[in-house]
Structures are given as structure tokens and as C-alpha cells.
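A.B. asks: The structure is given below, and queries will be raised subsequently.
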Amino acid sequence: MMSSNLQGQDKSPWSDMMSNPSTSFLALSQEVISEAVAWRHHLHKHPELAYQERQTADFIATQLSRFGLSVHRGLGGTGVVGTLTRGTSRRTIGIRADMDALPIHEKNSLPHASTHAGVMHACGHDGHVAIALAAARVCASLPGLDGTVHFIFQPAEEGEGGARRMIEDGLFKLFPCDAIYALHNWPALPVGTCAVRDGPMLAASAVFEVVISGQGCHGAMPHQGVDPIIAASHLVCALQSIASRNVDPLAAAIVSVTQFHSGDAWSVIPESCMLRGTTRWFKDEVGEVIERRMKQLVQSTADAFNCKAELRYRNCYPATINDSAAVQVVKTVIGNASLDLRLVETDPTMGSEDFAEMLRVVPGCYVWLGGARSAADHGLHSCHYDFNDDALPLGTRLWASLVQESLRVA
């Protein structure tokens, strides 16, 4: 489906960059933009879930090879790293893009709608990959680079820990980075804006499951059984006291019960009840309080109603903490008027992101790239979501400019 226009082509992806290195970054060629849109639509049409991104990885590796980058595959299962080295400097940076889709049935009637039933790119990772590929193509033709950039395509960001697996497989030993950067499209911000901040950007997260066991009986004779629904209902309310009564009001904490499953019949009190949910925080000590108090409340509430309870609690991602020096690099790049981007202030969000795992090993920065179409845009993870292609050239310019700023000949 994708055209291969680079072979035998003399024209630079920057329309007049080669003859004038100081040329505006608005000179990104229409060919690069059109190809990035075609890549994005191809990826959206063929989404793959966590650790199943084999066709996606094949596609990425093929494009990176076209641009002349060295390609390494297999980290984290399906991860891909494309490396570009120029000059003799030991300076090295990383650009990370996530590849996986979500188990959501798409309800768009677009020409590039998902062809895989029950799977779609509802978070815009198709756009992130297209931006990183376009930036790799552009950087391969940039003059005046001195150092190395690793374009890191990560599997399984959506709750499955792909970043951690890539690190465990030796990502930063094989491809050391002085700093690492990632972006996420943000439909709440207008196209042409970026948001970044020092310190916390996104929260740490965990998931939990509580199974409360009682003794089933006829609904008309409740005294003959032990009702787990009563215990579970009280537990839902008790869990709210963790954030409101056990955590400093000036520190962020969330305990959300998102599922409540029990029973099958109108007139039967069931044997058991299951609760599921998520917790969020920024400070490690707050996360420890949440987990400790949850264990206590689950046990004491079950005991109070003569039930038994089992808690399964799994920490997912740490907080995403931006490095001040890396943030300043991004701000400097965005401040280039020719980039056609505007920096906006932002507060942290209680969402979470496993790029946080990479930031625990290498200093770096996570950026939000505006992607709104209108005030009525569908949000991330919606079955109607579709990445805004107008953001593709802006993200490409951002990454290419950041690479040039970081690896500029001294």
C-alpha cells in the first residue's frame, strides 16, 4: 500500500534545507507530509494489540531501512529500534513512539477504519508511529548532525508494561541515551500547541481486584446465608476514606472502584462478589499508604460481615516525571517561531503512561501535542476516536528540530 518514493530520489525531505541549513522548519516537504498521512492511515487500518504488533513492527522496520537507519528488532518481544549516527560525537538521544492498539470495536465509517474486529487505534499510537517515522526520514537528510539518535518503537504501552520489558531486554545497554523524549497527542489542546512541564506530568497507577466470599441462600431467607453484596457495598464506601482521610489533602490520590460483579438470579443471594478498580498517585509514599490501607479495609470490612476476602493488588506504572534540563531543551525548540508551535501551560493529569519506566533510567521529557478538531472532539480511548492528521507535520518538525538542537555540530 505504501509508495517507496525515496529510491533514486535526489530531493530532500526538507524542500530547501540542504542548500540552506538555516531554512525555516516550515519547509517540510508536502511529500513527507503526504507519506506520513498514508502511513498513519495504513496503521490505523491494521491495528494490533499489545505484544502482537508483528505486522506493525515489520512495517516500521521496512521504512527505517529505506531511510538508511540501522534496525534492531525483538526488544520487548516486538519492539523496533532504528539508529542514525552522524559525525564522531558521543552525544546520544532517544525518541520513543508506542505501537499498540486497544481492544475496542471501532464505530467510525472512515476509509481507513480498522479492519480487525474488536481492535482499534483509539489512543492515537498510529499517529505517534507516523510522526516518529517521518522524523527519522527527515533526520536522515539533515545536515550538520554530530551524534546518535535512536528511534524507539515500543510495544504494549496500554497497561501491559512494554517499556519495562524493553529495558529488561537491554534497551539502554544496547542503545544508551543521554536523554529520551516522547509525545502523546492530546485532543483537549488545539492543533499548533504543545504542553510540557517540569516534574510530574502523569500519575503512577495500580489496579486491584477484591473477591469477597460469603454463603449463598434464597433471597427471601437472607438470615440463612452470609451476604457478600452487603460487605462489598460497605467496602466501596470505605475505600473512599483512603483519599479523603488517610492522605494529605495537598497530595493527589485516587481510589476508583470501576467494576462490581455478583449474582445471576433475581431471588438468590450469591456466594461471592468481585470488585475491580484503579488507584493513582504521584508521591511514592502516597502509593504505599493507598496499598496498605486497602489491605486493612478489605480484611476488616469482610470480617465485620462474617465474610472472607482476597485482595489482588498490582502496581502498573510509576509517575511520569520530566527532567528539568530536558524540559528546557523542548521549550527552546518550541520557542523557534518557524516551528509554528505554541507552548501552553498545563497541570499534571491522573492518567498514567509507561514511558515513566524509561524516565526512571534515563532523564527525559514527555510532551503533549495538541490534536483537537473541534470542541466536540471524541476523547482518547473512544470507539469514535481518530488521530488528527493536521498534527503530523507539527510533531515531525518538533522531533526533527529537537534532534538538530541536541546533536548540532559544536
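A.B. asks: List the number of the failed condition for HIS42; all other conditions in (1) over 28 Å from GLU168 (Cα atoms); (2) part of a loop (DSSP other than H, G, I, E, B) hold.
C.D. replies: In the conditions (1) over 28 Å from GLU168 (Cα atoms); (2) part of a loop (DSSP other than H, G, I, E, B), HIS42 misses (2) alone.
A.B. asks: Could you grab me the full set of residues in the range 257-279 that are among the hydroxyl-bearing types (Ser, Thr, Tyr), surrounded by 16 or more Cβ atoms within 10 Å (Cβ to Cβ) and assigned to a loop (DSSP other than H, G, I, E, B)?
C.D. replies: Selection gives SER262 alone.
A.B. asks: For the range 280-393, which helices (runs of 4 or more DSSP H) that fit wholly inside it have 3 or more residues that are among the polar types (S, T, N, Q) and at pLDDT 95 or above?
C.D. replies: By residue number, 284-304.
A.B. asks: I need a count of the residues in the range 169-183 that are touching a residue at least 60 places away in the same chain (Cβ under 8 Å) and of a type in the set (D, E, K, R).
C.D. replies: 2
A.B. asks: Another question about this same structure. Determine if the range 206-218 includes at least one residue that is buried (at least 21 other Cβ atoms within 10 Å of the Cβ) and of a type in the set (S, T, N, Q).
C.D. replies: no
A.B. asks: I'm told ALA206 meets every condition in (1) in a helix (DSSP H, G or I); (2) in contact (Cβ under 8 Å) with a residue 40 or more places away in the chain except one. Can you identify the failing condition by its number?
C.D. replies: If we test ALA206 against (1) in a helix (DSSP H, G or I); (2) in contact (Cβ under 8 Å) with a residue 40 or more places away in the chain, just (1) comes out false.
A.B. asks: Sticking with this structure for a sec: Against the condition in contact with an Asp or Glu (Cβ under 7 Å, 6 or more places away or on another chain) and crowded, with 19+ Cβ neighbours inside 10 Å, how does HIS125 come out, does it pass?
C.D. replies: Answer is yes for this residue.
A.B. asks: Of the residues GLY118, GLY87, which single one is at positive phi and touching a residue at least 60 places away in the same chain (Cβ under 8 Å)?
C.D. replies: GLY87
A.B. asks: Here's a follow-up. Would you check which residues across the range 30-71 are buried (at least 21 other Cβ atoms within 10 Å of the Cβ), over 22 Å from LEU398 (Cα atoms) and among the basic types (Lys, Arg) and list them?
C.D. replies: Correct list: empty.
A.B. asks: Test SER272 against the criterion of being assigned by TED's automatic domain parsing to the domain that holds LEU250, closer than 27 Å to PRO103 by Cβ and among the polar types (S, T, N, Q), and give yes or no.
C.D. replies: Against the criterion (assigned by TED's automatic domain parsing to the domain that holds LEU250, closer than 27 Å to PRO103 by Cβ and among the polar types (S, T, N, Q)), SER272 qualifies.
A.B. asks: Right, another one. Before we move on, is ILE95 among the β-branched types (Val, Ile, Thr), surrounded by 22 or more Cβ atoms within 10 Å (Cβ to Cβ) and at pLDDT 95 or above?
C.D. replies: Yes: the conditions hold for ILE95.
A.B. asks: Only residues in the range 361-388 that are touching a residue at least 60 places away in the same chain (Cβ under 8 Å) and closer than 25 Å to TYR317 by Cβ count as the first member; pair them with residues that are of a type in the set (Ser, Thr, Tyr) and surrounded by fewer than 18 Cβ atoms within 10 Å (Cβ to Cβ), Cβ under 7 angstrom, at least 6 apart or cross-chain, and list the lot.
C.D. replies: From the range 361-388, the pairs are TRP368/THR346.
A.B. asks: Could you look through the range 219-256, keep only residues that are of a type in the set (Val, Ile, Thr) and within 31 Å of the chain's Cα centre (by Cα), and pick out the one that is surrounded by the most Cβ atoms within 10 Å (Cβ to Cβ)?
C.D. replies: Ranking the candidates gives VAL255 first.
A.B. asks: If you don't mind, another one. Quick one: what pairs do we get from the range 134-150, first residue at pLDDT 95 or above, second of a type in the set (Asp, Glu) and surrounded by 21 or more Cβ atoms within 10 Å (Cβ to Cβ), C-beta under 9 Å, 6+ apart or different chains?
C.D. replies: ALA134/GLU35; ARG137/GLU35
A.B. asks: Let me ask something else. Name the residues in the range 244-260 that are free of Cβ contacts under 8 Å to residues at least 40 places away in the same chain and of a type in the set (A, V, I, L, M, F, W, C), would you?
C.D. replies: LEU250, ALA251, ALA253, VAL255, VAL257, PHE260
A.B. asks: OK, next. Scanning for something surrounded by 24 or more Cβ atoms within 10 Å (Cβ to Cβ) and touching a strand residue (DSSP E or B) at 6+ places or on another chain (Cβ under 8 Å), does the range 369-379 turn up at least one residue?
C.D. replies: Yes: the range 369-379 contains one or more residues that are surrounded by 24 or more Cβ atoms within 10 Å (Cβ to Cβ) and touching a strand residue (DSSP E or B) at 6+ places or on another chain (Cβ under 8 Å).
A.B. asks: Would you mention how many residues in the range 263-290 are within 20 Å of ALA302 (Cβ to Cβ) and either out of contact with any Asp or Glu (no Cβ under 6 Å at 6 or more places or on another chain) or among the hydroxyl-bearing types (Ser, Thr, Tyr) (or both)?
C.D. replies: 10
A.B. asks: Of all the residues that make up the range 296-337, how many are of a type in the set (Lys, Arg), loosely packed, with under 14 Cβ neighbours inside 10 Å and more than 24 Å from the chain's Cα centre (by Cα)?
C.D. replies: The qualifying residues number 1.
A.B. asks: Moving to a separate point now. Scan the range 72-105 for residues that are more than 16 Å from the chain's Cα centre (by Cα), more than 25 Å from THR396 (Cβ to Cβ) and not β-branched (Val, Ile, Thr) and jot them down.
C.D. replies: GLY74, GLY77, ARG90, HIS105
A.B. asks: Any residue at all in the range 271-280 that's among the basic types (Lys, Arg) and free of Cβ contacts under 8 Å to residues at least 12 places away in the same chain?
C.D. replies: There is no residue in the range 271-280 that is among the basic types (Lys, Arg) and free of Cβ contacts under 8 Å to residues at least 12 places away in the same chain.
A.B. asks: Right, another one. Got at least one residue in the range 170-189 being surrounded by 14 or more Cβ atoms within 10 Å (Cβ to Cβ), over 30 Å from GLY76 (Cα atoms) and at pLDDT below 95?
C.D. replies: yes
The values are calculated or read from the model by the stated rules, or taken from the named source; none is laboratory data. Since the model is a prediction, treat every value here as computed from it, not as a measurement. Cβ coordinates were reconstructed from backbone atoms using ideal geometry, including for glycine residues, and neighbour counts include every protein chain displayed.
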